[in-house]
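Asks: Right, I'll just put the structure down here and ask away after.
The values are calculated or read from the model by the stated rules, or taken from the named source; none is laboratory data. Bear in mind that the values here come from a model prediction, so they are computed numbers and not experimental data. So basically every Cβ, Gly included, is an ideal-geometry build from the backbone, and we count neighbours across all protein chains shown. When the accessible area is computed, the model is the full protein with side chains, heavy atoms only, and any ligands, DNA or RNA have been set aside. Shrake-Rupley method; radii C 1.70, N 1.55, O 1.52, S 1.80 Å.
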Amino acid sequence: MSGTADERLIPGHALAMQSDRPFQALASFGNNFLTKFDGAEINGSPFLDQCTLIDTPGVLAGEKQRMGRDYDFKKVIQWFAERADCIIVLFDAHKLDISDELRNVLNTLRPHQDKVKVLLNKADQVNSQQLMRVYGALMWQLGKVLNTPEVCRVYVGSFWDQPLVNTENAALLAREKEDLMNELSDLPRNAALRRINELVKRTRSVKVHAYIIHYLRKQMPYTFGKKGKLQSTCHHPPTVEHPPPFGPPQEKQQRLIGRLENEFVQCARRYNLPLGDFPNLDEFRTNLLQIKDISKFQKLDKSLVKEMDRVLANDIAKLLEKCSIQTAPMDDPY
């Protein structure tokens, strides 16, 4: 990252305390993470004046996976992924095995597939025929893990300061490197557009979240009256022929959480919401299990939802018009 000093290393605890840096929220991950987190300041780099590079540790494989880490690696990756403009996942050409931890990382990055680029590094260590096989195997594994036919962009390169081992792919590697460098150099120019894009994504997520809570709250069958008596929301008194549709609130809530996938579908149909905007099912279920009584959620203020729709329909369009796309290109920092 850019700094005033020529070159210095800042420990994680000190970096998380600096108000002019975007890392204060990392303090929530605790001492175990901060002791392994460092920041390097470099002065005089045009690229670092506008961007910050984050180098994450390599994922564990084999016996090391059993040892684990002393901090929540998945949550840390998720925190950085939500704030990053571009995410580069590196694979070695001679090591394509996807470990369990790497699989979890890729699943964490799934909501941010538009930011993810894959780099097949050390491609000079294999010949053309082997590179073709390695590339195909990587694409197959990525499609299997990400569970989508639309795999992200894969760059092929050899990023180190040594001469190429196999020079038969030198022209290809040079073109791929140029494409990647152009992608990175465009990041500062397109930063405003990406911020608007993230704003739209978050707004749509908030809207869906509000309707999910509203829908689940309406499924709860009982409320307490002013005198503290349990009252059914049925339109007719319960009898043997017409029993109450649901049991006690706790039982109903557990059944709702148990069949949350079906409830998501019903909520999407009722309020005309795209299922693609719904949150991760397992994570949402885990969070709901920590709620004692869903019926105590506040009622949905639909006027706020209308205001949200107005912002998406009008204000965002005006904001895009003000956003200047044709900015002056940044000098090549490389």
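Asks: Scan the range 112-119 and give yes if some residue there is surrounded by fewer than 18 Cβ atoms within 10 Å (Cβ to Cβ), assigned to a strand (DSSP E or B), within 18 Å of the chain's Cα centre (by Cα) and not hydrophobic (A, V, I, L, M, F, W, C), otherwise no.
Replies: yes
Asks: Is it fair to say residue 204 is touching an Asp or Glu at 6+ places or on another chain (Cβ under 6 Å), surrounded by 12 or more Cβ atoms within 10 Å (Cβ to Cβ), part of a helix (DSSP H, G or I) and modelled with pLDDT of 90 or more?
Replies: Considered against the rule, which asks whether it is touching an Asp or Glu at 6+ places or on another chain (Cβ under 6 Å), surrounded by 12 or more Cβ atoms within 10 Å (Cβ to Cβ), part of a helix (DSSP H, G or I) and modelled with pLDDT of 90 or more, residue 204 comes out as yes.
Asks: Considering only residues that are charged (D, E, K, R) and open to solvent by 40 Å² or more (accessible area, probe 1.4 Å), look in the range 101-110 and name the one that is farthest from the chain's Cα centre (by Cα).
Replies: 103
Asks: Here is a further query. Looking at (1) farther than 25 Å from residue 202 by Cα; (2) at pLDDT 90 or above; (3) among the charged types (D, E, K, R), can you tell me which one residue 227 breaks?
Replies: (2)
Asks: When you check residue 151 against the structure, is it assigned to a loop (DSSP other than H, G, I, E, B), aliphatic (A, V, I, L, M) and under 25 Å from residue 53 (Cα atoms), yes or no?
Replies: yes
Asks: Out of curiosity, is residue 255 modelled with pLDDT of 90 or more and farther than 21 Å from residue 111 by Cα?
Replies: No; evaluated as a whole, the condition is false for this residue.
Asks: Then there's this: Mind counting the residues in the range 108-133 that are more than 15 Å from residue 151 (Cβ to Cβ) and modelled with pLDDT of 85 or more?
Replies: From the range 108-133, those more than 15 Å from residue 151 (Cβ to Cβ) are 108, 111, 121-133; that's our starting set.
Then keep just the ones that are modelled with pLDDT of 85 or more; that gives 108, 121-133.
Residues that pass the stated criteria total 14.
Asks: Out of the residues in the range 120-135 that are polar (S, T, N, Q) and not in a loop (DSSP other than H, G, I, E, B), state the one that is least open to solvent (accessible area, probe 1.4 Å).
Replies: 121
Asks: Additional query: Please tell me if residue 211 is hydroxyl-bearing (Ser, Thr, Tyr) and closer than 22 Å to residue 118 by Cα.
Replies: Here the answer is no, as residue 211 does not meet what is asked.
Asks: Follow-up question, since we're still on this one. Looking only at residues in the range 136-179 that are buried (at least 17 other Cβ atoms within 10 Å of the Cβ) and of a type in the set (Ser, Thr, Tyr), which one is farthest from residue 95 (Cα to Cα)?
Replies: 155
Asks: Right, here's the next one. When the residues of the range 298-326 are filtered to those that are outside any helix (DSSP H, G or I) and open to solvent by less than 80 Å² (accessible area, probe 1.4 Å), which remaining residue is farthest from residue 211 (Cα to Cα)?
Replies: In this case the residue turns out to be 324.
Asks: Quick check, is residue 234 farther than 30 Å from residue 194 by Cβ and either assigned to a loop (DSSP other than H, G, I, E, B) or at pLDDT 90 or above (or both)?
Replies: Yes; evaluated as a whole, the condition is true for this residue.
Asks: Test of understanding: among 292, 299, which residue is touching a residue at least 24 places away in the same chain (Cβ under 8 Å) and of a type in the set (Lys, Arg)?
Replies: Every option except 299 fails the conditions.
Asks: Taking only the range 269-297 into account, find how many residues are open to solvent by 60 Å² or more (accessible area, probe 1.4 Å), farther than 16 Å from residue 107 by Cα and not in a loop (DSSP other than H, G, I, E, B).
Replies: Final tally of qualifying residues: 6.
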